[in-house]
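The values are calculated or read from the model by the stated rules, or taken from the named source; none is laboratory data. Predicted, not measured: the structure shown is a model, and the values here were computed from it. Cβ: placed from backbone, ideal geometry, glycine included. Neighbour counts: every protein chain shown. Quick note on the areas: whole protein, heavy atoms, side chains included, nothing else; ligands and nucleic acids left out. Shrake-Rupley method; radii C 1.70, N 1.55, O 1.52, S 1.80 Å.
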Amino acid sequence: MTTTTIDGHTVHVNEEGFLTDPSEWDEDLAKSLAAQIGIDLTDEHWKAIRFLREDYAAQGETATLRRISTVGGIPTKQLFVLFPQKPAKKLAYVAGLPKPHGCV
Amino acid sequence: MRTLLILGGGTAGTMVANKLHKRLPRDEWTITVVDRDDDHPYQPGFLFVPFGTYESDEIVRSRHHFIADGVTLVYGEIDRVSPDDRVVHLEDGRELDYDYLVIATGTSPRPDQTPGMLGSEWHKSVFDFYTLEGATGLEKALDHFDHGRLVVHICEMPIKCPVAPLEFTFLAEAWLREQGLRDRVELTYVTPLDGTFTKPVASAHLGGMLEERKVEVVTDFMVESVDPDRKVLVSYDEREVPFDLLVTVPVNMGAEFVARSGLGDELNYVPVDKHTLLSTAYDTIFAIGDASNIPASKAGSVAHFAVEVFVDNFLEHVAGLPMTGAFDGHANCFVESGDDKALLIDFNYDTEPLPGKYPIPHVGPMSLLKETHANHLGKLAFRHIYWNVLLPGHPIPLPALMSMAGKEVPDAPNTDSREA
């Protein structure tokens, strides 16, 4: 675990750059994290990010794509448009959460 | 009298019934198991059916034969659980009261969840192999398959026995070589993961084995539909993988009655404490084996190790005592790699599969994360152990909790799981 500074925010990250302390995240930081992976956040992105944050706070783990679609109401197809190629990983990254453990 | 009701007489349910029958005072407890039929499949055997290794009667036995005398077995379809009233309703109207409920109804392949999968090519050129029907159909299809694109595919994690699609790929590659067909077949492995397996060290090792065997690997592929007319898999991000023969692992889901009872998550798995397997919603309900949402492999070995911890915990719980055992997610899986060899992997919630020796540190006779003939013999021998030792609830001299002894720890340990 190392410390890094992104647009003036000093945060703890793992070797892949994911935040290791979700409480260090705020919406301002999300914009910077999204910019790092080439995403400009729209209202649709925010809907997904806020669901992921709220669900993590309640469940203690990052929602899978299936959970985001069935519980969060955002179709998987749209998640692939919003966060291309690797939506689960990119969404967790921008939301300052661990990668989902959907698979073991 | 108090009643323990066990839903599902498969691997986990049968072990729970037999072990608790020995431990609970018979003048104080009745134990009842509910299942829909009397066919108990040895599920790891399905993998070998397409290659003609096992006949169906070697891997399906009578369910009641393995459940101890003195345990009541009820046949019926479960409609729903009323957890507040502690009653299970069967579809034919029967009602079964309980003091404690164990949900052990497993997980099932659901080809209906992917549009087009059950279309005109189902069981013609599109097969699953986690059911007897799929595995026997695939055996016939392979008999007639002599060239083209063979695609092995996983829809979505988690799946029952997460190494099985890799094993199928290795076995198919070896089988094609034996038949003299390997040069005429393109073999492709399609996965929603970003690598071949969920854990980094094993993923790199198994990925290297696919590369050696000239298997094309397509990663990050979340299937949206199967197009039976064009014979292609289509992903959500609009990539396509064409096939002549598709061997798919459909979406896996827990039983529908779990959802109807309001006891499940989005895949009908019962949320439980991952160390005690007690429901997070009701202190009279446990879920064991594939039916629970614990972040461990959905595999018989996990069920076995979990039951070992559960039995003592259950006796404490029903006596009003705190549960002192903590399950660690221990899994132990043989991975068939073709040519009469296999790997063995041993891991838990916190430790990924590592190289080493098992079960005796530094001695073996099994080798971890390495292809050997001894591991293959272990896998074949396990079918007899399953029927004759494991299901009856006899002790197996393997510790329930994972041990680090005999494991080789890499320089920079990485216990992260990969994302879905």
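Between the Cα long axis of helix B:164-178 and the first principal axis of chain B there is an angle of about 40°, rounded to the nearest 10. Ranking B:Ala259, B:Gln113, B:Leu20 by how far each Cα lies toward the positive end of the dipole of chain B (charges on Cβ) leaves B:Leu20 at the top. Segment B:231-301 and segment A:30-52 have Cα centres separated by 29 Å. Using the Cβ of B:Lys370 as centre and a radius below 13 Å, the other residues enclosed give a net charge of 0, where K and R count +1 and D and E count -1.
Compactness of segment B:169-289, taken as the C-alpha radius of gyration over 2.2 N^0.38 Å, stands at 1.41.
Annotation for the B:A interface, with buried accessible surface near 2100 Å², both sides summed [1.4 Å probe; non-protein components not counted]. Overall, the anisotropy analysis places segment B:66-162 in the prolate class: the square-rooted eigenvalues a ≥ b ≥ c of its C-alpha gyration tensor yield a/c not less than 1.5, with a/b exceeding b/c. Under a model in which nothing but the beta-carbon of Lys, Arg (+1) and Asp, Glu (-1) is charged, chain B shows a dipole of about 1000 debye around its Cα centre.
Taken about its Cα centre, the protein assembly as shown carries a charge dipole of about 720 debye when Lys and Arg each add +1 at the Cβ and Asp and Glu each add -1 at the Cβ. With N the number of residues in chain B, Rg(Cα) / (2.2 N^0.38 Å) evaluates to 0.98. Counting Cβ atoms of other protein chains within 10 Å of each Cβ in B:192-198 and taking the mean gives 2.
Residues B:Trp175, B:Trp387, ordered by accessible area of protein heavy atoms at a 1.4 angstrom probe radius and largest first, appear as B:Trp175, B:Trp387.
The mean count of C-beta atoms from other chains within 10 Å of the C-beta of residues in B:153-162, rounded to a whole number, is 2.
Principal-axis analysis of the Cα atoms of chain B puts helix B:300-318 at an angle of about 20° to the longest axis. Per residue of A:76-83, other chain Cβ atoms within 10 Å of the residue Cβ number 3 on average. For segment B:296-391, the solvent-accessible area with a 1.4 angstrom probe is 35 square angstrom per residue. If you take every DSSP beta bridge whose two residues both sit in the protein assembly as shown, what share of them, in percent to the nearest 5, is antiparallel? Percent antiparallel among DSSP bridges in the protein assembly as shown is about 55.
Every helix of 4 or more DSSP H residues in chain B counts as -39500 (n - 2.57), and over all residues that averages to -7000 deg cm²/dmol at 222 nm. Between the helical axis of B:11-23 and the longest alpha-carbon principal axis of chain B there is an angle of about 30 degrees. The residues packed around A:Val71, meaning those with a beta-carbon under 11 Å from its beta-carbon, carry a net charge of -2 if Lys and Arg are +1 and Asp and Glu are -1. For segment B:111-252, the residue among B:Pro250, B:Cys161, B:His123 whose Cα projects farthest onto the positive side of the dipole built from Cβ charges is B:Cys161.
With θ taken as phi - 60° and the Karplus curve 6.51 cos²θ - 1.76 cosθ + 1.60 applied, the whole-hertz 3J(HN,Hα) list for segment B:142-158 is 5, 4, 9, 8, 10, 6, x, 9, 9, 10, 9, 9, 10, 6, 7, 8, x Hz, x standing for glycine and proline.
The three principal axes of the C-alpha atoms in segment A:41-90 carry coordinate ranges of 26, 19, 18 Å, sorted with the longest axis first. Taking square-rooted eigenvalues a ≥ b ≥ c of the alpha carbon gyration tensor, is chain A rounded, prolate or oblate, where a/c under 1.5 means rounded and, failing that, a/b exceeding b/c means prolate? It comes out prolate by the Cα gyration axes.
Taking every protein chain into account, the accessible area of segment A:2-94 amounts to 48 square angstrom per residue (probe 1.4 Å).
Per-peptide packing, taken as the mean over residues of other Cβ atoms within 10 Å, places B:241-248, B:371-378, B:208-215 in the sequence B:241-248, B:371-378, B:208-215 from highest down. First compute the accessible area of segment A:2-94 with a 1.4 Å probe, then give the percent of it belonging to carbon and sulfur atoms. For segment A:2-94, the apolar C and S fraction of the accessible surface comes to 47 percent. Shape class of segment B:111-252 from the Cα gyration tensor (axes a ≥ b ≥ c, square roots of the eigenvalues): rounded, since a/c falls below 1.5. For the protein assembly as shown, the alpha-carbon radius of gyration amounts to 0.98 times the rule-of-thumb value 2.2 N^0.38 Å expected for a compact globular protein.
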